[in-house]
């Protein structure tokens, strides 16, 4: 009998995953507290509900794509939580970026209800999620993967199987966020230095993209600076949060991260300037403000 | 009449450039204090001499590929310097990584002898240099480029023309070295964190290379860690030097670089461990030493 998928959290990533599953012919329930998100999902052909408890009784595989660990724990084990409501043998895929120490605890608690956990943080951004091409960095017991494999295929472009221990998926995601966060801040610092020293920012971008200083984030984010367009695709606050998770996890491991700590301070400084909700490339404005640097201005803002 | 090229400094980059020019049919003189370098260049069909003064009288375009600013100034203006010996209208291409404030000074002093300066730092590593494919980040007066264009083509794969002001080539190189230095240190910090948290390093490498945390340096250097092979392709000391140049230049501009400063400390710490002459991926050993982490070991060293 074909399985039913539940997606809890219809933000940009969750909505993308849920609609991709629908397009692949999977019966999909979606849950979100925001009526407009439920309406959009219903319009796309999904079953939209406001309560995780209601969703749980219809689904055998549930993707939990909420903001953080606290929201994940509420969804799993809160008053309306799914742990007590899913049928035994069901699979929960937890995809928020969290401290890798947490998924093993969740796995244990879910096992008491006969449920499998897949520790499966995602990446790729809203655009890839909408196209059914998100990447899942997944670890967990083979039984969980066997039960959920076709559902994962229905919304993800690539599923990395990173072993059978919950926590490894989140560890790999943590390492990715460490690098992504440092690279965006480094791109902003280096571009600001180059502009302060008199280089043309568009030339800098072209040369660096073809040189050893290149990073995926440099290539992706510096165009925002060149175009003066800081409308948020991913916000400063996301890295305030994610580098915070990386630093807390390392703190618990007694592991020093001087670079990640320095980068985190730069996101905090930018958020302190009131730019927490702006695009993460806004870190360049911290340098510009300190050094009195004129950044490129969007075409429509030019005098 | 075809021009003659001079290459001062037959290290891995200079030797690669000089031999590439020879292969392209250019009469090329090479200068190096080390007899074995001169012998190798003579064996390749070049004219090898020990003194820059001797080289200068035969050449119209001279590529200065020495270690740093002090060596460059000695070559240009020292007792055996080329500035007083080159024919008027000759072009000097200065390619060491230096503070961008210096090339404009050199340009002025060379102009007093009727000589053109191209501020042209190079990148690409020894392998690309040997293949005639190094990249030149070049700025300087149009007259200099007009006189040297065919010679640049003879040893470089790509010449970025970055305007007519000496100093901009070095600025772009400085920005590249900033990012390259931060990215290697970040790769080491992040890989060490992931291993400490229990992830498999080869899996980490595969996932990150296909994710937003990717950098050119991550892709290029992490295999050294996975293979336990720290034989130097580019040393820790190179980034002790190059990030030092970046920080000094920014200091003179009164521009703060918290990330580059943190990365520089990591190279210094690794050099302090006695690893200055090892591959720059040895920064991972700093984290491993602090955290008692076992790194992958080269096959031939395994018990």
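Where a number appears in this text, it was derived from the coordinates with a stated rule and is not lab data. Just so it is clear, the model here is predicted, and its values are computed rather than measured. Quick reminder, even Gly has a Cβ in these numbers, built from the backbone with ideal geometry, and neighbours come from all protein chains shown.
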Q) For all pairs of alpha-carbon atoms in the stretch B:5-165, what percent lies in each bin of width 10 Å, listed from the first bin to the last filled one? A) 12, 47, 36, 5
**Q.** Residue order, fewest to most beta carbons within 10 Å, for A:281, B:234, A:90
**A.** B:234, A:90, A:281
Q | Hydrodynamic radius (Kirkwood) for the stretch B:105-227, which is based on Cα pairs only, to one decimal in Å | A | 16.8
Q.
Compute the helix-to-body angle for A:236-252: its Cα long axis versus the longest principal axis of chain A, expressed 0 to 90° and rounded to tens.
A. 70
Q) Over the stretch B:5-165, what is the percentage of antiparallel beta bridges among all DSSP beta bridges, to the nearest 5? A) 15
Q) Helix A:12-23 sits at what angle to the longest principal axis of chain A, using alpha carbons and giving 0 to 90 degrees rounded to 10? A) 50
Q: With a point put 7 Å past each Cα toward its Cβ, work out how far residue B:57 is from residue B:272 in nm, to one decimal.
A: 5.1
Q: Treat the count of other C-beta atoms within 10 Å as a stand-in for reagent exposure and order A:77, B:155 from fewest to most.
A: A:77, B:155
**Q.** CD proxy at 222 nm, helix term only [per DSSP H run n ≥ 4: -39500 (n - 2.57); per residue of chain A; nearest 500]
**A.** -15500 deg cm²/dmol
Q: Over 27 Å, how big is the tail of the calculated P(r) for the stretch A:171-301, in percent of all Cα pairs?
A: 17
Q. At residue A:202 and residue A:101, where each label point lies 7 Å from the Cα along Cα→Cβ, what is the point-to-point distance in nanometres?
A. 5.0
Q. So how tilted is helix A:102-111 from the main axis of chain A? Cα-based, degrees 0 to 90, rounded to 10.
A. 10
Q.
Can you tell me the length gained on complete extension of the stretch residue A:227 to residue A:12, counting 0.36 nm per residue apart and subtracting the Cα distance?
A. 75.0 nm
(Q) Pick from A:150, A:99, A:242 the residue whose mean-square fluctuation is largest in a GNM of chain A, springs joining Cα atoms under 10 Å. (A) A:150
Q) Where does each of A:19, A:209, A:94 land when they are ranked from fewest to most other beta-carbon atoms within 10 angstrom? A) A:209, A:19, A:94
Q: Report the Stokes-Einstein translational diffusion coefficient (µm² s⁻¹, integer) for the stretch B:198-264, Rh taken as the Kirkwood radius over Cα pairs, at 10 °C with viscosity 1.306 mPa s.
A: 112
Q | Euclidean distance between Cα centres, the stretch A:99-174 to the stretch B:1-57, Å | A | 58
Q | the protein assembly as shown: Rg to Rh, with Rh as the Kirkwood radius over Cα pairs | A | 1.06
Q | Contour minus Cα-Cα distance for residue A:68 and residue A:253 (0.36 nm per residue) | A | 64.6 nm
Q) Residues in the stretch B:1-25 near a label at residue B:39, defined as backbone nitrogen under 17 Å from the 7 Å Cα→Cβ point? A) B:10-11
